[in-house]
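To start, the structure under review is shown below, and the notes come after it.
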Ligand SMILES: [Cu+2]
């Protein structure tokens, strides 16, 4: 690393000296070798401008064609649809505007390139033109911002309407733990100071709190489809971020406080696996894995598509692997699963 930095510094110093000598030469005003652009240079630069525009358009089209298969599938949460739509409309507008303005910019750069004897036209102002190019962006941007603010406040409104399932997401370097409120759907009090690893009280639940006794602590997040979930996020050590891309959900987990996010899953894991884009992605991935298996390499087991909770704040060395599987299932499947889990009270009793 030090070697790279030293080389970089040396290279930069060399460039600085080279540039300084050039400035010095230019200041000498030797007309023969003066580095002032002539008609030929201007023409070349004009063509290069055009070429650059074609290049940016082509690379954009190429990237869409080649990489759009890596996009996330359609949103699996109720609010996600609106969120995606807002994003799509914003991008379409940006694309149209950038297409027109970049074309004009590069075309005029070419058309009015420097030519000997050419004189710039002095054009004071045009009120109507200025009015048009001010008022249109004002209306479009105001519309987008208002719509965005409305969507934002709707998404960020965490309330207790519609009997939401209460789930705690607990972040620590470098894993996730989930906690359900149990039969009463109320989370018991908890604090990092009450963590007792020896007695398996990994989340620091208050053993004296009757609400905590029936809490269920798990390493895999199960959610019933169609029911609103209110997440309460905590962190044990540093800033983490609970990121559930398929549900268009993300919320920071901050040590010393509880943050919240709420969404309703609308597609089960089984349903998302039937999505054509997902089927295609699984096929491609498993083709790579089959190749690996043939060569006897690691990481070659067939892969199944799953929802996932990721950490989206670089929180330390193993941040990249801080994840938890999310399973969205029917109400019956969910009930069967939660009933098969041990409660906090049972775990504590077992550790006595
Ligand atoms: Cu993290």
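Each value in this text was obtained by applying a stated rule to the coordinates, not by laboratory testing. Computed from a predicted structure; not experimentally measured.
Would you give the gap between the C-alpha center of the range 285-352 and the C-alpha center of the range 134-197, rounded to a whole Å?
22
Could you work out the percent of alpha carbon pairs in the chain separated by over 40 Å, rounded to a whole number?
For the chain, the share of Cα pairs beyond 40 Å comes to 42 percent.
Relative to the longest principal axis of the chain, what angle (0 to 90°, nearest 10) does the C-alpha long axis of helix 80-111 take?
That works out to roughly 10 degrees.
What do you get for Rg/Rh over the range 86-125 if you use C-alpha atoms and the Kirkwood form of Rh?
A ratio of 1.25.
In degrees between 0 and 90, to the nearest 10, how far off the longest principal axis of the chain does helix 39-67 point, with axes built from Cα atoms?
Helix 39-67 sits roughly 20 degrees off the main axis of the chain.
Please figure out what share of the DSSP beta bridges in the range 165-351 is antiparallel and state it in percent, rounded to the nearest 5.
Numbers: 27 of 39 bridges.
Antiparallel: roughly 70 percent of the beta bridges in the range 165-351.
Grab every C-alpha pair in the range 1-143, bin the distances at 10 angstrom width from 0 up to the longest one, and report whole percents.
Pairs per bin, as whole percents: 8, 18, 22, 24, 20, 7, 1, 0.
What span do the alpha-carbon atoms of the range 151-218 cover on each of the three principal axes, reported in whole Å from largest to smallest?
If we take the Cα atoms of the range 151-218, the spans are 45, 29, 19 Å.
Between 0 and 90 degrees, rounded to the nearest ten: what's the tilt of helix 127-155 against the longest Cα principal axis of the chain?
Roughly 10 degrees, rounded to the nearest 10.
Bin all alpha-carbon pair distances of the range 165-351 at 10 Å intervals from 0 and give each bin's fraction as a whole percent.
Per 10 Å bin, starting at zero, the Cα-Cα P(r) for the range 165-351 comes out as 9, 32, 34, 18, 6, 0 percent.
Contact order normalised by length for the chain, with contacts defined as Cα pairs under 8 Å and 6 or more residues apart; what percent is it?
Once normalised by length, the contact order is 17 percent.
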